[in-house]
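A quick write-up on the structure given underneath.
The values are calculated or read from the model by the stated rules, or taken from the named source; none is laboratory data. Nothing here was measured: the structure is a model prediction, and the numbers come from that model. With ideal geometry, Cβ positions are generated from the backbone for all residues, glycine too; neighbour counts draw on all protein chains shown. Just the protein is used for accessible areas: all its heavy atoms, side chains included, with ligands, DNA and RNA removed. Shrake-Rupley method; radii C 1.70, N 1.55, O 1.52, S 1.80 Å.
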Amino acid sequence: MKPQTKVGLMFVGALVLVVIFAFALGKFNPFSDAHEVNLAYNFAGGIEVGSPVRVMGIKVGKVRSIEFNPEFKMPDTGEEVKLLIKITVDKRAWSSLRADSRFFINLAGVIGEKFLEISPGSSDKPELTHGQVIRGEDPPRIDQMISQSYALAGKILDMVNKNEGSMVETIETLNKLVTNFDKALKQLEKTSRDPEVTKIVKNLSIIMSDGAFFSQKLRTPEAIETMALINKLIKRLEPLDGPVIKKFLQQDGIKAKLF
Amino acid sequence: MKDIFVQLEFVTWQSLPVILFCVCFAAVVTIIESSFHMKLVVQNDALVPGFAALLILRELGAVVSALLLTSRVGAGLAAEVGSMKITEQIEALKMLGIDPVRFLVVPRFVACVIGGFLLSLIANLVCLYCAMLVSEAKLSYSSGAFITSMRAFVTFQDLVFACLKGACFGAVIPLVSCYFGFRCKSGAEGVGLATTNSVVVSSVLIIVLDFVLTFLFSHFY
């Protein structure tokens, strides 16, 4: 074999290896059959070009490009969104993506690898279209939260330092209140064990039962009728004054019947 | 041109078996040692494939193949040029009006630069493949898991830098070997000394150059 042939074979072999390597890294894929979606974010939480895209936890694509676009506004809501992330999604998972699908930026693995998680939408909603722009869910800003909680903790400490005297007083008062309440509860418990008190409670219970029975009876039609008759009688007796009643009571027949 | 191809065949085709054989063993050692250390330090070897792949691409593949190339090609060049010097063939070339540097050094230099690039590329990728096989057999990582872990660390840029390193190391070998060959003292002892010196100096320069290139390339990450 000629040296030129051997060198040529080496080059071809090297080229084949490079293609295989690029394919393994996902830089080159001639068999790719993926759809593209544009996601709009205001904060991307560290996602990078090449980060995986997952649907229900399964890798179905990757982040193709990240573009800064300060002038961009969402076509439907008019919201200003400054970051456009282009992702690819394999054809096999495309039908799972619907108009109400949500796009989250998540963290996975020991090294905290960032990935884009897509929640599948409901089947009654329409499928997404190729190249559609969708608003993604901005991930929570942990750094901002920490900074805010740090500021809040500072304010609380400041407030405690300023009002230390009154706070101590309040705490002491609360302490006394709790002690008194505890004493009252203990006294109540002690009292409830006294036989006299038990008797009183039982009697009260009987009185309450009787009262309930009486009030129940008062609601019956007979009682209502009786009450109406009494009312009528009182109204009829109303015009009568003292001398007339006296005269009436002093009549012989009445007197005899009463006494 | 034909001379370049002849030298290229000598540098690449003839060196390939020994380089591949050695880098495969280097891959085995890298994977096993990485796993051992990861388990020892962080009690978990989940990151070994990615870590080992990055180590192979950024250092091991290029340096091991360059050192092997030095011991094989560098020693051969120094001995060849040294022999020509003591048998006065170089003087004869000069008398014939042929520039010995142009005639001897240039084809070897071109062949070593291209050969270093090519061999570094092939050695790195074969080393990675070998590491994948070892991690599958020894650490029970499937090839898919190896590639996924590798993707978390490795970029295409790493391979490009490894090839550039290979080309730079390849350039060192003929320059040093021809330098010692042209300054070879008479007798078999002189040739032996030139060969030894060329291998030692080339190896040291490759290690130093590796540091310089790694430092330079680190600015691109």
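On inspection, A:L116 qualifies as part of a strand (DSSP E or B), touching a residue at least 60 places away in the same chain (Cβ under 8 Å), of a type outside the set (G, A, S) and open to solvent by less than 80 Å² (accessible area, probe 1.4 Å). For the condition open to solvent by 70 Å² or more (accessible area, probe 1.4 Å) and either more than 30 Å from A:I85 (Cα to Cα) or acidic (D, E) (or both), A:T170 qualifies.
Answer yes or no as to whether B:G192 is closer than 20 Å to B:L68 by Cα, assigned to a helix (DSSP H, G or I), touching a residue at least 40 places away in the same chain (Cβ under 8 Å) and not basic (K, R). Spelling it out, it is not the case that B:G192 is closer than 20 Å to B:L68 by Cα, assigned to a helix (DSSP H, G or I), touching a residue at least 40 places away in the same chain (Cβ under 8 Å) and not basic (K, R). One residue is enough: does the stretch B:201-220 have a residue meeting the conditions surrounded by fewer than 22 Cβ atoms within 10 Å (Cβ to Cβ) and outside any helix (DSSP H, G or I)? Within the stretch B:201-220, none of the residues are surrounded by fewer than 22 Cβ atoms within 10 Å (Cβ to Cβ) and outside any helix (DSSP H, G or I). Applying the set (1) at pLDDT 90 or above; (2) farther than 28 Å from B:L69 by Cβ to B:C24 leaves exactly one unmet item: (2).
Listed by first and then second residue, the pairs linking a residue in the stretch A:20-41 that is in contact (Cβ under 8 Å) with a residue 24 or more places away in the chain to a residue that is of a type in the set (K, R) and surrounded by 14 or more Cβ atoms within 10 Å (Cβ to Cβ), with Cβ atoms under 7 Å apart and 6 or more places separating them unless they lie on different chains, are A:G26/A:K62; A:G26/B:R151; A:E36/A:R64; A:E36/A:K86; A:N38/A:K86; A:A40/A:R135.
Answer yes if at least one residue in the stretch A:36-50 is modelled with pLDDT under 85, within 10 Å of another protein chain (Cβ to nearest Cβ) and open to solvent by less than 30 Å² (accessible area, probe 1.4 Å), and no otherwise. No, there is no match, as no residue in the stretch A:36-50 is modelled with pLDDT under 85, within 10 Å of another protein chain (Cβ to nearest Cβ) and open to solvent by less than 30 Å² (accessible area, probe 1.4 Å). Every condition in (1) more than 24 Å from B:V212 (Cα to Cα); (2) of a type in the set (V, I, T); (3) buried (at least 19 other Cβ atoms within 10 Å of the Cβ) is met by B:V73 except one, and the failing one is (1). Of the residues examined, A:K27 is not one that is open to solvent by 80 Å² or more (accessible area, probe 1.4 Å), more than 7 Å from chain B (Cβ to nearest Cβ) and charged (D, E, K, R). Let me confirm something: among A:G154, A:G136, which residue is closer than 30 Å to A:I118 by Cα, at pLDDT 85 or above and open to solvent by less than 70 Å² (accessible area, probe 1.4 Å)? The conditions single out A:G136. Small (G, A, S) and surrounded by fewer than 20 Cβ atoms within 10 Å (Cβ to Cβ): is that true of B:A145 in this structure? Yes; evaluated as a whole, the condition is true for this residue. Within the stretch B:76-113, the only residue that satisfies the criterion of being farther than 16 Å from B:G190 by Cβ, among the small types (G, A, S) and buried (at least 20 other Cβ atoms within 10 Å of the Cβ) is B:A111. Of the residues B:L118, B:L67, B:L77, the single one that is more than 14 Å from chain A (Cβ to nearest Cβ), closer than 23 Å to B:L159 by Cα and part of a helix (DSSP H, G or I) is B:L67. Is there a residue in the stretch B:46-55 that is away from every other protein chain (no Cβ under 13 Å) and under 18 Å from B:L121 (Cβ atoms)? Scanning the stretch B:46-55 turns up at least one residue that is away from every other protein chain (no Cβ under 13 Å) and under 18 Å from B:L121 (Cβ atoms). Among the criteria (1) modelled with pLDDT of 85 or more; (2) over 24 Å from B:P49 (Cβ atoms); (3) within 10 Å of chain B (Cβ to nearest Cβ), the one A:L17 does not fulfil is (2). I'd like to check something: does the stretch B:104-111 contain any residue that is part of a helix (DSSP H, G or I), at negative phi and within 10 Å of chain A (Cβ to nearest Cβ)? Yes, the stretch B:104-111 has at least one match. Figure legend. Inter-residue proximity from the stretch B:16-42: first residues within 14 Å of chain A (Cβ to nearest Cβ), second residues outside any helix (DSSP H, G or I), beta-carbon distance below 9 Å, spacing 6+ or different chains. Indicated pairs: B:M38/B:N44; B:M38/B:D45; B:M38/B:A46; B:M38/B:L47; B:K39/B:D45; B:V42/A:V110. Per the listing B:L128, B:L121, B:L54, the residue uniquely closer than 21 Å to B:L8 by Cβ and of a type in the set (A, V, I, L, M) is B:L121.
Within the stretch B:4-13, identify whether any single residue is open to solvent by 60 Å² or more (accessible area, probe 1.4 Å) and more than 10 Å from every other protein chain (Cβ to nearest Cβ), and answer yes or no. Among the residues of the stretch B:4-13, not one is open to solvent by 60 Å² or more (accessible area, probe 1.4 Å) and more than 10 Å from every other protein chain (Cβ to nearest Cβ), which makes the answer no.
Restricting attention to the stretch B:14-57, and to residues there that are over 19 Å from B:S149 (Cα atoms) and in contact with a Lys or Arg (Cβ under 9 Å, 6 or more places away or on another chain), which single residue is surrounded by the most Cβ atoms within 10 Å (Cβ to Cβ)? Selected residue: B:I19. Evaluation of A:R98 against the conditions (1) touching a Ser or Thr at 6+ places or on another chain (Cβ under 7 Å); (2) surrounded by fewer than 16 Cβ atoms within 10 Å (Cβ to Cβ) shows that the sole unmet condition is (2).
Taking the stretch A:51-60 as the range and being open to solvent by 20 Å² or more (accessible area, probe 1.4 Å) and more than 10 Å from every other protein chain (Cβ to nearest Cβ) as the test, the residues that pass are A:R54, A:M56, A:G57, A:I58.
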